[in-house]
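Please treat every number below as a calculation from the coordinates, not as lab data. These figures come from a predicted structure and were not determined experimentally. Note: ideal-geometry Cβ built from the backbone for every residue, glycine included; neighbour counts use all protein chains shown.
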Amino acid sequence: MTSVDSLVPAGAVPSGAPAPPGAGAGTSAPLLVVMGVSGSGKTTVGQALSRRLRVAFADADDFHTPANIAKMSKGIALTDADRLPWLRAIGGWLAAHDGAGGVASCSALKRSYRDVLRAAAPRVVFVHLDGDVEEVRRRVAGRTGHFMPASLVSSQFAALEPLGPGERGIVLDLGRGVPELVEDYLAASSAACGGPAPSLPAPGDRRAR
């Protein structure tokens, strides 16, 4: 089930809940980070959202240094020092797409990591794909050609800090299908901002990418 507890009018946000997505963003194109542990579907959902919103997409995996990839390929968890240049690079991409909008997939597991991204792009909204650790472990074990082994899934969940007070975002159930997750985000964002959700492009409209 989709968790939309945080998606209530700003004045009615319960104590300890994140602020609603889009709050304070005005009429600018969405600037999103699809976050969650490895195997949660960040890239797939992020790409689907970018197509629906007609904005650019970036996969945070592409910003890792060769040294980081080598460590993770050996089953060694990255340190915060390892992640800092990576987070700054993603933040730079978000800042560069602030005007036109964009969607980036990024684990963003800790609030301190998200703070780095917010420092570069203050209006960013986080879409957290959350769910069962065993389901994620099965997904990661079934992937081929990816540098993140299933052995690091537990460490990712251990490091995860859910969205907290003052963080604009939404928590979605990663067990739902990609089309449903896109609709869940659009419906929640529209309700929070009081405006209509973006419509699908007409068939054959190449601007969708």
Search the structure for amide H atoms under 5 Å from the amide H of D98, placed 1.01 Å from N in the peptide plane, and list their residues when 5 or more places away or on another chain. none
Hey, rough spin-label estimate for D115 and D80, points 7 angstrom out along Cα→Cβ, what's it come to in nanometres? 0.8
Space enclosed by the convex hull of the alpha-carbon atoms of region 38-142, per residue, Å³: 107
First measure r as the distance between the Cβ atoms of A89 and R51, then evaluate 1/(1 + (r/R0)^6) with R0 = 25 Å and state the FRET efficiency to the nearest 0.05. 0.60
